[in-house]
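Have a look at the structure below, then the notes.
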Amino acid sequence: MQLYALCDQNLLDTHGISVQEFVSIANKNDAKILQYRNKTADITFIKQQLITIRQLFDGFLIINDKYELVEYCDGVHLGQDDLKLIDEDTDKAVKILRKIIKKDKLLGISTHNENEVLEANQMDLNYIGLGAYRSTNTKSDLTNIIGDKIDYIASISKHPVGVIGGVKLDDKFENIAYKVIGSDLLK
């Protein structure tokens, strides 16, 4: 199981940590993937952060939501709500997105239950995020905690699965390719 480091700008700002410090922590923990998420900054700031991360991180760099910046990274990750901004039909949204970002870029989406995983199995994706595994401090609107069912639901995915939401470094799973960890890396 590999580490997928989630670098959330809001979390960095809250903890007074620079993106450079976060990348250093991710590197020390042997992260294979790093996702940069920033829901509030302008595109120029996000682009600069991606350029900085790319200079310091040799693994796969993923941008959250901002697919227009995919040229500065290795792929894009979108949540269900963000997919619906592209098209109400998530399968159609993924097809549109895949045409935009091309085949040579990674594409992942968030899933939250068995039905969404089964739908994702029909999509041209490189991986899925699945969760929330447990409650988390960074997202207060979690209504569907998967908990112990995470391994079973992951087992029905045809794509590699990254477990999301409240994951800790010492958590153990059977059918998970990546532990997606953000705030727990800062402890």
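Here are the numbers for the structure shown:
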| read-out | value |
| --- | --- |
| So residue 44, is it hydroxyl-bearing (Ser, Thr, Tyr), assigned to a helix (DSSP H, G or I), within 18 Å of residue 21 (Cα to Cα) and out of contact with any Ser or Thr (no Cβ under 7 Å at 6 or more places or on another chain) | no |
| Residue match in the range 11-27 (condition: small (Gly, Ala, Ser), surrounded by fewer than 20 Cβ atoms within 10 Å (Cβ to Cβ) and either within 13 Å of the chain's Cα centre (by Cα) or part of a helix (DSSP H, G or I) (or both)) | yes |
| Residues of the range 90-100 classified as buried (at least 19 other Cβ atoms within 10 Å of the Cβ) and either within 16 Å of the chain's Cα centre (by Cα) or under 14 Å from residue 71 (Cα atoms) (or both), total | 2 |
| The range 125-145, subset hydrophobic (A, V, I, L, M, F, W, C) and surrounded by fewer than 22 Cβ atoms within 10 Å (Cβ to Cβ), residue modelled with the highest pLDDT | 125 |
| Any chance residue 100 is of a type in the set (A, V, I, L, M, F, W, C), touching an Asp or Glu at 6+ places or on another chain (Cβ under 9 Å), in a helix (DSSP H, G or I) and farther than 25 Å from residue 18 by Cα | yes |
| Residue match in the range 54-72 (condition: on the phi > 0 side of the Ramachandran plot, in contact with a helix residue (DSSP H, G or I) (Cβ under 8 Å, 6 or more places away or on another chain) and not small (Gly, Ala, Ser)) | yes |
| Pairs with Cβ under 9 Å, 6+ apart, first in the range 145-162 and over 10 Å from residue 113 (Cα atoms), second charged (D, E, K, R) and at pLDDT below 95 | 147/134; 151/174; 155/174 |
| Search result, residues across the range 49-74 that are without any contact (Cβ under 8 Å) to a residue 12 or more places away in the chain and either in a strand (DSSP E or B) or within 18 Å of residue 107 (Cα to Cα) (or both) | 71 |
| Selected residue (criterion: modelled with the highest pLDDT) from residues of the range 151-186 that are aliphatic (A, V, I, L, M) and loosely packed, with under 15 Cβ neighbours inside 10 Å | 156 |
| Any hit, the range 81-97, residues being assigned to a helix (DSSP H, G or I), free of Cβ contacts under 8 Å to residues at least 60 places away in the same chain and under 27 Å from residue 14 (Cα atoms) | yes |
| Check on residue 166, small (Gly, Ala, Ser) and without any contact (Cβ under 8 Å) to a residue 40 or more places away in the chain | yes |
| Any hit, the range 132-140, residues being more than 20 Å from residue 185 (Cβ to Cβ) and β-branched (Val, Ile, Thr) | no |
| Selected residue (only one of 27, 38 is among the polar types (S, T, N, Q) and in contact with a strand residue (DSSP E or B) (Cβ under 8 Å, 6 or more places away or on another chain)) | 38 |
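The values are calculated or read from the model by the stated rules, or taken from the named source; none is laboratory data. This structure is a prediction, so every number in the text was calculated from the model and none was measured. Cβ coordinates were reconstructed from backbone atoms using ideal geometry, including for glycine residues, and neighbour counts include every protein chain displayed.
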